[in-house]
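Derivation of every value follows stated rules applied to the coordinates shown; laboratory data play no part. Owing to the predicted nature of the structure, the values given are computational and were not obtained by experimental measurement. FYI the Cβ positions are ideal-geometry reconstructions off the backbone, even for glycines, and counts take in every protein chain you see.
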Amino acid sequence: MKDRFDEMMEKFLVPLSELRGRVTDCTYFLRKDGSLAFAQGYYHPPGMISGKIVYYPKKGGWVDIFGRSYECLHKEYRDGKMYSFTNPDQIKKHYEIFPDLVRTAHGAPLIKNNLLMPLEDFMGFFSPRRSIDLCMDLYPKIRNGVTAASELLGAPLRKMGLTGSLQYGRIEEHDDDTDIIFYGTVEENYSLMQKIRTLVREDPKRHVYEFGKFWPLRLYNGGILVCPFFIYENEAENPLGNCSITSLKPQASVTGRVADIRHTIYMPLVLPLENVTVDGERRENFILIISDSYVRGEFEVGQRLRTTGELVRIEKRGGAFDAMIAANNWDVQAAG
């Protein structure tokens, strides 16, 4: 006899065959052991996903997912507050709880906080666009919140999806946020980003403070906390699409001025820099890559940054360039 969990999985889960070889950013997957994993970014080698396990089944776990007990790998709820784990702590927990990952998973080169996990370990995935339709039918609160966000931002519903727990049909007990995906061209998404930042800047009532920080791309709208995520509708616009990576130096220091912020709302963040020095030497045509969503959309053109990370060579059809991959938000600091 099916329980509530099985019923919801049957409704929301999509067979892996429907991926057609393409894993999209912000997509949840269901592992064969019942764990829920989150795929990030656009670097997913054949037969693998780049991501992390978010929830895993555990008797007595504090998270209830459709009547089953789960534990969380990225945050915990205690003393009436939500606390997040750092990326290194999350990866450490992965290896402690899932020793098989030590043998099968590898670090993703572009999203350094992610693991490459075999698709054969998964049962299926959750489609953001399918889930938004299902959740709007199931939950009046979600229907109202999504419709209001669409009207506020001028974004058509056909170019929106859901991520977060709503992607598999669950409203989290302790959270009131709606994680909305916006699909568009780079310029369309950049326009939405600017609109959101203007709304937040002009109305303090929309401000969102969570995990000890202010989030400039999250906002309250009609009592609903809207958390935007952006997807390259045309992956040809991804500056790191179909690239190969060669490590040049495991640890380097870069200082430079942000020249463009249009790609700072995706994972990983991509920031072209100007007036650059790498370990004290001047460089041209340099790119900073940040694989931590904690700072997505928070930079400004002209801002000077000092960063530490891995120096790499990125090769794509038509050229090659040097870049730095910074793993964590604390690796990137304002340089004054």
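For this structure, a couple of remarks:
- The stretch 206-241-the stretch 284-336 distance, computed between alpha-carbon centres (Å): 19
- Selected from 60, 80, 184 as most flexible by GNM, with the chain as the system and alpha-carbon contacts under 10 Å: 80
- In the chain, the DSSP beta bridges split such that about 85 percent are antiparallel, to the nearest 5.
- Once the chain from residue 195 to residue 14 is taken as fully extended at 0.36 nm per residue, the excess over their C-alpha distance is 61.8 nm.
- For residue 65, distant residues with modelled amide H under 5 Å away: 70
- Those trypsin sites (Lys or Arg not before Pro) in the stretch 273-336 that DSSP places in a loop and that have at most 13 other beta carbons within 10 Å: 317
- Helix-derived mean residue ellipticity, 222 nm - over the chain, DSSP H n ≥ 4, -39500 (n - 2.57), to 500: -6000 deg cm²/dmol
- Cα-based equivalent ellipsoid, the stretch 4-125: semi-axes from gyration tensor eigenvalues, Å: 22, 19, 12
- Considering only the stretch 256-336, percent of DSSP beta bridges that pair antiparallel, nearest 5: 85
- Sites count as exposed loop sites when they are GluC sites (Glu not before Pro), lie in a DSSP loop, and have at most 15 other Cβ atoms within 10 angstrom; the longest stretch of the chain without one is 1-171.
- Residues in the stretch 191-197 carry Karplus couplings, in order, of 4, 5, 4, 5, 5, 5, 5 Hz; the curve used is 6.51 cos²θ - 1.76 cosθ + 1.60 with θ = phi - 60°, and Gly or Pro positions show x.
- Within the stretch 187-284, chymotrypsin sites (Phe, Trp or Tyr not before Pro) in DSSP loop having at most 14 other beta-carbon neighbours inside 10 Å: 211
- Between residue 81 and residue 257, the FRET efficiency estimated from the beta carbon spacing at R0 = 45 angstrom works out to 0.75.
- Spacing of the modelled spin labels on residue 147 and residue 58, each 7 Å from Cα toward Cβ, amounts to 4.0 nm.
- Residues 276, 186, sorted so that the one with the fewest Cβ neighbours within 10 Å comes first: 186, 276
- Amide H to amide H, with H built 1.01 Å from N, residue 111 comes under 5 Å of no residue 5 or more places away or on another chain.
- Sorted by Cβ density within 10 Å, fewest first, the residues 123, 193, 117: 123, 193, 117
- Neighbour-count order for 198, 308, 147, fewest beta carbons within 10 angstrom listed first: 198, 147, 308
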